[in-house]
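One structure is given here, and the rest of the page talks about it.
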Amino acid sequence: MALIESPLLQHLEGYIGGQWVPADDGSTFAVDNPATGDTIAHVAAMGAAETERAIAAGQSALRLQEPYSIETRRGWLEAVRDALLAEQDEIGRILCLEHGKPLGEAVGEVTYAAGFFDYCAKYMDELKSHVIPERPKGLEWTVHYRPVGVVGLITPWNFPIGMIAKKLAAALAAGCPSVIKPASETPLTMIAAFQALHDRADLPAGMVNLVSGPPAPIGDVLCDHPEVPMLSFTGSTGVGQHLIRATAHRVKKLSLELGGNAPFIVFDDADLDAALENLMANKFRGGGQTCVCTNRLYVQSGVADTFAAMLAKKVSALKVGDGMAEGTEIGPLISQAGFDKVRRHVQDALAKGGELLAGPEPKELPASGSRFYPPTLVGKVTPDMVCCHEETFGPFIPMAVFHSEEEVIARGNDTEFGLAAYVFTRDEQRAARTIGALRFGHVGWNSGSGPTPEAPFGGMKSSGVGREGGVEGLFEFIEAQTVPRGDQ
Ligand code: NAP
């Protein structure tokens, strides 16, 4: 395949202070189409010096003494929303080519991203200063919501536009300039979005800055720089832990959206058709590469055989292919490493007594060169299997049978992660007990739905700190400043 062509990709560069800029030394890195393995672009590989300049550009856009008004910031949010919606088909096409997810899903992700700017614009008034109703100590107390400052935003490849939208919408709402580092597998979607903003949204120069390139030099500057008081990161728990350590000496504010290992629980009394439909949509979105994807399936003994048979039929019928091809339901995995991880989890489950219910034996798959992992279902899963503890991030469902509510709550919680879980039961009391006991930030009840701009989303335990979306997410980039005023 030829290099990608698009009116939104005229500059395969970073964006600093309102200008497209190459790497100082002119170096680039290659971006692949995971469906074909072809290189589709070479993007600027920037480093520490460019990151420093992006931070300086952000500082020049930060206004503390005469803050941008609520109406000005609302205008930015609406302009970004409109820019993304106007270009959603083209940004979606680029996203499909560099990520591999089906085209319809990719375009849908752009619409989803625009929703965060729309939501923040509507709820901006929550950020107005206010006087508290009491007069403690005989004083008038005013609370101002100040921008935390220039923020570093670091995003993963699995939602190349969705994950930045959550952060950038809240940062703009707060009046925080940002320095954004996209994932190296999927920088093109971000570049395309920046071009859309450059063309259509009149943001102050330096308000949004893009620095593409290898993680260490960019990340190290963001962690160490005294004028970057906050980092917001979405990605793996391992890198999140590194950022906690690397920012400790500066006592930076961190918002961390990290890994998951979601249990999907089906009780005997559940509507099995609904559970099946929701499980399929939840599990195979993005090829199984989302943080809220089901990682472990627990089905109660009375319906386990029936549900396993229904599920095996559906899993076997899924259409795997290039995301650009009509009818594709699952695209490729992002990398060979991603493919190898899924194979390792399936192999491990089978070696420890799992029963293959749908999909091939891992040994039938090519040793290398393919990123298309056939959807796989394995039954008789036990807690010692790797898939019960690590995030698989691919189209593999390990299924275990459980007998009691207490047992499945304990097994569901038996993970370091606490991001998403799903419970299917018609019994309201049982649902309330189970959901209350599950230590996950997002628990679907008779729904496999992931997050939405209107509601807070985030993890417990090693899945992170902070919330994105909802009114709670609006406050992520805010410092509350309290002013008790005496009479003069
Ligand atoms: P990752 O390897 O942690 O990378 C995420 C981002 O961090 C990338 O931009 C990466 O840059 C950058 N990075 C890596 N090392 C860094 C360092 N030392 N300093 C600063 N930045 C660094 O994660 P991923 O594989 O892209 O994403 C998958 C993970 O994200 C999964 O665990 C998934 O569950 C999680 N996730 C969580 C949520 C949530 O809402 N909780 C949502 C989506 C994904 P390079 O690409 O250049 O290496």
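Some values worked out for this structure:
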read-out: First in the range 383-397 and closer than 15 Å to residue 286 by Cβ, second anywhere and among the basic types (Lys, Arg) and not in a helix (DSSP H, G or I), Cβ under 8 Å, 6 or more apart; value: none
read-out: Pick from the range 72-105, criterion closer than 29 Å to residue 125 by Cβ and without any contact (Cβ under 8 Å) to a residue 12 or more places away in the chain, ranking: farthest from the chain's Cα centre (by Cα); value: 72
read-out: Of all residues making up the range 169-196, the number that are part of a loop (DSSP other than H, G, I, E, B) and either under 25 Å from residue 29 (Cβ atoms) or within 16 Å of the ligand (Cβ to nearest atom) (or both); value: 5
read-out: Selection count, the range 220-244, where residues are more than 20 Å from residue 46 (Cα to Cα), near the ligand (Cβ under 7 Å from one of its atoms), out of contact with any Ser or Thr (no Cβ under 9 Å at 6 or more places or on another chain) and not in a loop (DSSP other than H, G, I, E, B); value: 2
read-out: Residue match in the range 197-219 (condition: in contact with a strand residue (DSSP E or B) (Cβ under 7 Å, 6 or more places away or on another chain), free of Cβ contacts under 8 Å to residues at least 60 places away in the same chain, closer than 30 Å to residue 336 by Cβ and within 11 Å of the ligand (Cβ to nearest atom)); value: no
read-out: Pairs, first farther than 19 Å from residue 465 by Cβ in the range 406-420, second among the aromatic types (Phe, Trp, Tyr), C-beta under 7 Å, six or more apart; value: 408/298; 408/402; 411/298; 411/402; 412/298
read-out: Conditions (1) more than 22 Å from residue 165 (Cβ to Cβ); (2) out of contact with any Gly (no Cβ under 6 Å at 6 or more places or on another chain); (3) surrounded by fewer than 19 Cβ atoms within 10 Å (Cβ to Cβ); number of the one not met by residue 82; value: (1)
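So that you can scan it fast, the table gives a plain yes or no per residue for (1) closer than 24 Å to residue 443 by Cβ; (2) part of a loop (DSSP other than H, G, I, E, B); (3) of a type outside the set (A, V, I, L, M, F, W, C):
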site	(1), (2), (3)
304	yes, no, no
337	no, no, no
348	no, no, yes
353	no, yes, yes
392	yes, yes, yes
397	yes, no, no
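Throughout, read-outs are computed from the coordinates displayed, never taken from laboratory work. Small disclaimer: the values here were computed from a predicted structure and weren't measured. Methodologically, a virtual Cβ is constructed for each residue, glycine included, from the backbone with ideal geometry; neighbour enumeration extends over all protein chains shown.
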